[in-house]
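Read the structure below first, then the notes.
What follows draws every value from the coordinates through simple rules; no lab data is involved. Owing to the predicted nature of the structure, the values given are computational and were not obtained by experimental measurement. Here Cβ is always computed from backbone atoms with ideal geometry, including for glycine, and neighbour counts include all displayed protein chains.
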Amino acid sequence: MKTPETIYHQLIDSFTQRDVCFALYRLPWTDEPILVMQEEGEPVSLDRLEELNQKKGFLLAPFQLTTSRPAVLIRPAIVAHDWEEIKLALQKWMARHPQPANSCVSSRQDRLPDAQGSSERDEKEIYTETFSRFILPLKEKQFRKLVLSRSTVQPLHETFSPLATFIQACNSYPRMMISLCHTPSTGTWIGSTPEIILSGHEKEWHTVALAGTMPMQGEVMPTEWSKKNKEEQAFVGDYIRKTVKKFGSKLTEKGPYTARAGQLVHLKTDFHFTLKDTDHLGDVLQELHPTPAVCGLPKEEAYQFILQTEPHDRLFYSGIIGWIDPQGDTTLYVNLRCMHVEGNTATLYAGGGILPDSTADSEWEETQQKMNTMRNILSI
């Protein structure tokens, strides 16, 4: 993907420092950026995903929806596809919203002071301690699966550009949905996610079970999966299958098969089904989210355990991101391999499924590999 002219590049970057609600995203295996933007005002706040029924826009939903941290829906006053159409839309926006001279030029030195992140050694100690709290109830068979996540703070170079990072992700990860999203209430999020939670149009719909992780072997995809990875994927697949049957019909499956995502591979099963009524997509999402791929089983008990036990707030990591339109195309994803940009730092998030025979060292390494998805585009 090419970079737009400097004036548009600087303008989009400046949106992340203003009270502007916008999302820029690119779907897998395309080279077309899509801009969704409000003309002005706050996005729609949603305390529950059912409130999405019959609504249209760009969604950013947290792992845990509360009245103090609702999901937000960017109202699509402006929707533009490809750089030429986006540039025309931005020209018209600038004509309606004249900016002071140099207002598009940002300096990270003028932002919040640098935050000093913990050392990797300290972070691993915290992770290992938390892992011990997760593994015990698994061994005692209170849970079949739990998902343990972690976060790390990384300083940003003073020349960091949100748009340049988005474009680098687009060029590095053709198989993933790439996003740059900002609202005043959520802050700025950049991500590269491989996992669909709900996509489709009219009667034809699609979701996936994605679980199990291995690193690529150079450019060779490994295909021999461990018992742990197969079990983890089966748990997620069973839950997705049962949930889809509540709302859809004519269910067909493909998989599990090995699917690449950046320098990692996962076990993936595709579920295709028919929905008679697209006015209630919020009801489907309320039932699906959070999937066992980011939570665990039994789902509600695992969800509460994570909220009580993880030492950090997931915020919008492992939530939902993407476009929803009950009368058109919907492309919603789980917000994985993402980072939250604040001032001169980015907080990176990653997690992995824990089963009774999991080990802290192997799970830590998996989160490192997943965080490299974001680290690699920051280091270029």
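Report the residue count in the stretch 44-78 for those that are within 24 Å of LEU336 (Cα to Cα) and either more than 23 Å from the chain's Cα centre (by Cα) or among the β-branched types (Val, Ile, Thr) (or both).
5
Of everything in the stretch 143-166, what is surrounded by fewer than 19 Cβ atoms within 10 Å (Cβ to Cβ), of a type in the set (D, E, K, R) and outside any loop (DSSP other than H, G, I, E, B)? Give them in sequence order. Show your work before the answer.
Residues of the stretch 143-166 surrounded by fewer than 19 Cβ atoms within 10 Å (Cβ to Cβ): 144, 153-155, 157-160, 164.
Of the ones still in play, those that are also of a type in the set (D, E, K, R) are 144, 158.
Within the stretch 143-166, no residue meets the criteria.
I'm trying to understand the selection: among the residues of the stretch 167-204, which are of a type in the set (Asp, Glu), assigned to a loop (DSSP other than H, G, I, E, B) and more than 15 Å from the chain's Cα centre (by Cα)?
Kept after step one, since they are of a type in the set (Asp, Glu), are these residues of the stretch 167-204: 195, 202, 204.
Checking the rest, the ones that are also assigned to a loop (DSSP other than H, G, I, E, B) come to 195, 202.
Across the stretch 167-204, the qualifying residue is only GLU202.
The rows are residues; the columns are (1) more than 21 Å from THR66 (Cα to Cα); (2) within 13 Å of the chain's Cα centre (by Cα).
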residue	(1), (2)
ASP279	yes, no
ILE306	no, no
LEU332	no, yes
ALA346	yes, no
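Can we say MET37 is among the hydrophobic types (A, V, I, L, M, F, W, C) and closer than 30 Å to VAL284 by Cα?
On the way: among the hydrophobic types (A, V, I, L, M, F, W, C): yes; closer than 30 Å to VAL284 by Cα: yes.
Yes: the conditions hold for MET37.
Provide a single number: the residues in the stretch 333-375 that are over 29 Å from PRO184 (Cβ atoms) and either in a helix (DSSP H, G or I) or in contact with a His (Cβ under 6 Å, 6 or more places away or on another chain) (or both).
Just the residues of the stretch 333-375 that are over 29 Å from PRO184 (Cβ atoms), to begin with: 352-369, 372.
From what is left, the residues that are either in a helix (DSSP H, G or I) or in contact with a His (Cβ under 6 Å, 6 or more places away or on another chain) (or both) are 360-369, 372.
Final tally of qualifying residues: 11.
How do the pairs read when you match residues in the stretch 79-90 that are in contact (Cβ under 8 Å) with a residue 60 or more places away in the chain with residues anywhere that are in a strand (DSSP E or B), using Cβ under 7 Å and keeping only pairs 6 or more apart or on different chains?
Between residues of the stretch 79-90 that are in contact (Cβ under 8 Å) with a residue 60 or more places away in the chain and residues that are in a strand (DSSP E or B), the close pairs are ILE86/LEU35; ILE86/ALA80.
Every residue in the stretch 205-238 that is over 21 Å from SER358 (Cα atoms) and either in contact with a strand residue (DSSP E or B) (Cβ under 7 Å, 6 or more places away or on another chain) or crowded, with 21+ Cβ neighbours inside 10 Å (or both), please. Before you say what the answer is, go through the steps one by one.
First, the residues of the stretch 205-238 that are over 21 Å from SER358 (Cα atoms): 205-208, 217-221.
TRP205, HIS206, THR207, VAL208, MET221, listed by residue number.
List every residue pair whose Cβ atoms sit under 6 Å apart, with the two residues 6 or more apart in sequence or on different chains, where the first one lies in the stretch 255-266 and is crowded, with 17+ Cβ neighbours inside 10 Å and the second, anywhere, is among the β-branched types (Val, Ile, Thr).
The qualifying pairs are PRO256/THR269; GLY262/THR373; LEU264/THR213; VAL265/THR258; HIS266/THR213.
Do you know which residues across the stretch 24-61 are within 25 Å of TRP83 (Cα to Cα) and polar (S, T, N, Q)?
If we filter the stretch 24-61 for residues that are within 25 Å of TRP83 (Cα to Cα), which is where we start, we get 24-41, 43, 56-60.
Scanning the stretch 24-61 gives THR30, GLN38.
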